[in-house]
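These notes are about the structure you will find just below.
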Amino acid sequence: MCGIAGVLELAPGRSPDREGLARMAHVIRHRGPDAEGIEVVGPAGLVHRRLSIIDLATGGQPMSDGPVWVVFNGEIYNFLELRAELEAKGERFATKSDTEVLLRLFRQRGVESFSKWNGMFACGFWDQSERELVLVRDRLGKKPLYWRADGERIVYASELKAILAYGAFDRRVDSGALQEYLTYSYPVGERTMIEGVRRLLPGHYLRAKDGAIETHPYWSLRFDPAPARLSEPEAEERLEALLAQCVRRRMISDVPLGAFLSGGLDSSVVVALMAEASARPVKTFTIGFEEAGYSEAEDARVVARHLGTEHHETTVKPAAFDILPELVWHLDEPFGDSSSVPTYYVCKAAREGVTVALSGDGGDEVFAGYSRYLGLGRYRRMTSIPGWIRGGLVSPLVRTLPIDAPGYNYLYAMAHWSAHERPGSLGIFPYVRERLLRPSIRRAPAARSPLETDAAFWRHLDTLDPVSRYQLLDTLFYLPGDILTKVDRMSMAVSLEARSPLLDYELVEFMAGLPVEYKLREGTTKVLLRKIAAKRLPASVLTKRKQGFAVPQDRWFRSELRSSSEEILLDSGSLARGYFEEGVLRRMLRHHRTGERDYSSWIWCLLVLEMWHRLFIDAGTRRV
């Protein structure tokens, strides 16, 4: 795993600033503490920070094959098969790295080679002979890639802060991305919180030549839950083999390897399959809390004992929020999911023993595990209410009620829901957003993914059953925007590589083609995965109540963290930004303090937003 960055100067005869390239390398050194590489090739500058995982002795970057250069972040899990195919055609290799394999493939087949890669990756290719820059990101968005173009140059990097480090432009908050953050608790789509900086979407590549820049998809996920092509026992057998293959592929490493273990179904299945494929006990790591009802540490202990793992456990206390500035720095953009705190700590604990850790991320999206999928009838009933009732009667009623009125959430959803919405798509407490944000902020156009205007995508969505529809939307938006962003940034903050076998694209495509009743049936989620788990895990794992990787923020903001959070949010500098109605903000904080309502999710989001301004925007306090 590594960090990459680069610059392409567009003016004839101009080369990138070496000092600027060095600043980019320095600011992402946590992504690759083992080595640094910087090359200037004509108008292109390439930067690489290396975390050595495979081929420790060679495989340094930037790497070239004739006129073609590459900087690569990630792992290609089928690179040995691809290498064998190339060797059968007469190719000879100087290293044992996956980097050299994908470089040869790209030189032979260009952008068509991307469809052959199985892994997590973000790459920058520079073809000196063609004077062409190509950027590419993996199918599901496990690895990040930001870019910016201003007519003079194109700058790209694994992290937004590296683009800022190169400099040469003014920083302004993108009002649309801000609106997205204050809706979903993370920015969505291409636009970022810094105006003019974009993220390359998952499954896309960017091509820049002769001043023209184009982005294109090279992969798209389609759900096709048609009548069973495979019987349920046949599907279970195929899934079991596929899962084992996905786990084995991600156990290839020249450095110590372990796994995150929460005691939930997804991570427990991954660890069980690792144990079957390993001759030694698997090293497992978990996080716990002192507050009852939040900690999954005992569940993880049960699984660890059953599988005979070498288990390690860490407890997080409210003092963990002292690291908030460091987390915001590594997250690059405002990020409102407070589970980044335990994620950071479990990554930190794992890094003390291993360099690579497997996780169960993606299981809820792939196998239909979210509990909200069980309540889709409630949401469908909302859309069946005539529009004149919802818009003409319920909506005006909602506008007259205080935000803490009983039943406000449900009435608001009823007034605003549409047939294409998914559970949670209205965001975090949307009624709070409408009262808390000042009108100028609330009216800003939100940043949207290109999928929002993709007619073919929406036609496909219309053909799907409700469960598949929400699975697809969660996989394309929530998964890369929240889950994978959190895991990448928190693992890379401590120079740990995190791998997600449940997000192997072959497995994702296989599950997308199965009938919905193989995933969710009669109130049971993850039907097929549970059958596979039952052969390997204690019964308690199968009956365990679903529990997210959450922190007890509601209690913390009423006790240990109350005074510090209120001090930050009511600071004159925070209020002077002009985003929020001060009276509504004070009322929220008072109601949370007294226990009248739980506004902890909003309090966390606002704290992160303020800290992000101080670290990335404010001239007197920013770090880069």
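Region 2-50 holds strands (runs of 3 or more DSSP E) entirely within its bounds, and those carrying 2 or more residues that are among the charged types (D, E, K, R) and more than 13 Å from ASN73 (Cβ to Cβ) map to 35-41. When region 562-576 is limited to residues that are of a type in the set (A, V, I, L, M) and either under 20 Å from ASP337 (Cα atoms) or in contact (Cβ under 8 Å) with a residue 40 or more places away in the chain (or both), the one that is least open to solvent (accessible area, probe 1.4 Å) turns out to be LEU569.
From the list VAL71, VAL134, the one residue that fits, being crowded, with 22+ Cβ neighbours inside 10 Å and of a type in the set (A, V, I, L, M, F, W, C), is VAL71. Restricting the search to helices (runs of 4 or more DSSP H) fully inside region 231-350 and requiring at least 1 residues that are within 29 Å of THR525 (Cα to Cα) and open to solvent by 10 Å² or more (accessible area, probe 1.4 Å) gives 232-249, 265-277, 297-307. Residue pairs whose Cβ atoms lie under 9 Å apart, separated by 6 or more positions or on different chains, with the first residue in region 167-180 and on the phi > 0 side of the Ramachandran plot and the second of a type outside the set (Gly, Ala, Ser), are GLY167/ASP17; GLY167/ARG23; ALA168/ASP17; ALA168/ASP150; ALA168/GLU152; ALA168/ARG153; ALA168/VAL155. Residues in region 200-212: is at least one in contact (Cβ under 8 Å) with a residue 60 or more places away in the chain, assigned to a strand (DSSP E or B) and surrounded by fewer than 16 Cβ atoms within 10 Å (Cβ to Cβ)? Yes, that holds for at least one residue.
Evaluated against (1) surrounded by fewer than 17 Cβ atoms within 10 Å (Cβ to Cβ); (2) out of contact with any Phe, Trp or Tyr (no Cβ under 8 Å at 6 or more places or on another chain); (3) within 30 Å of ILE28 (Cβ to Cβ), TYR579 falls short on exactly one condition, (1). Got at least one residue in region 590-610 being farther than 20 Å from ARG558 by Cβ and surrounded by 15 or more Cβ atoms within 10 Å (Cβ to Cβ)? Taking every residue of region 590-610 in turn, at least one turns out to be farther than 20 Å from ARG558 by Cβ and surrounded by 15 or more Cβ atoms within 10 Å (Cβ to Cβ).
Are there helices (runs of 4 or more DSSP H) fully within region 485-577 with at least 3 residues that are over 23 Å from the mean Cα position of the chain (by Cα)? List them.
Details: elements: 505-512, 527-534, 539-543, 553-556, 562-569, 572-575.
Counting at least 3 such residues, we get 527-534, 539-543, 553-556, 562-569, 572-575.
In the set (1) outside any loop (DSSP other than H, G, I, E, B); (2) among the charged types (D, E, K, R); (3) over 24 Å from SER129 (Cβ atoms), the condition left unmet by ARG222 is number (1).
Checking the structure you have, find out if any residue of region 96-119 is assigned to a strand (DSSP E or B), open to solvent by 30 Å² or more (accessible area, probe 1.4 Å), under 21 Å from GLU132 (Cα atoms) and touching a Phe, Trp or Tyr at 6+ places or on another chain (Cβ under 9 Å).
Step one: filter region 96-119 for residues assigned to a strand (DSSP E or B), giving 119.
If we keep only those that are open to solvent by 30 Å² or more (accessible area, probe 1.4 Å) as well, we get none.
There is no residue in region 96-119 that is assigned to a strand (DSSP E or B), open to solvent by 30 Å² or more (accessible area, probe 1.4 Å), under 21 Å from GLU132 (Cα atoms) and touching a Phe, Trp or Tyr at 6+ places or on another chain (Cβ under 9 Å).
Scanning region 514-537 for residues that are modelled with pLDDT under 95 and either in contact with a strand residue (DSSP E or B) (Cβ under 8 Å, 6 or more places away or on another chain) or surrounded by fewer than 17 Cβ atoms within 10 Å (Cβ to Cβ) (or both) returns GLU517, ARG521, GLU522, GLY523, THR524. Residue pairs whose Cβ atoms lie under 8 Å apart, separated by 6 or more positions or on different chains, with the first residue in region 329-354 and without any contact (Cβ under 8 Å) to a residue 60 or more places away in the chain and the second surrounded by fewer than 22 Cβ atoms within 10 Å (Cβ to Cβ) and among the hydroxyl-bearing types (Ser, Thr, Tyr), are TYR345/THR314.
The values are calculated or read from the model by the stated rules, or taken from the named source; none is laboratory data. Just so it is clear, the model here is predicted, and its values are computed rather than measured. Every residue, glycine among them, receives a Cβ derived from its backbone with ideal geometry; neighbour counts consider all protein chains shown. Note: areas computed on protein heavy atoms with side chains; ligands, DNA, RNA excluded. Shrake-Rupley method; radii C 1.70, N 1.55, O 1.52, S 1.80 Å.
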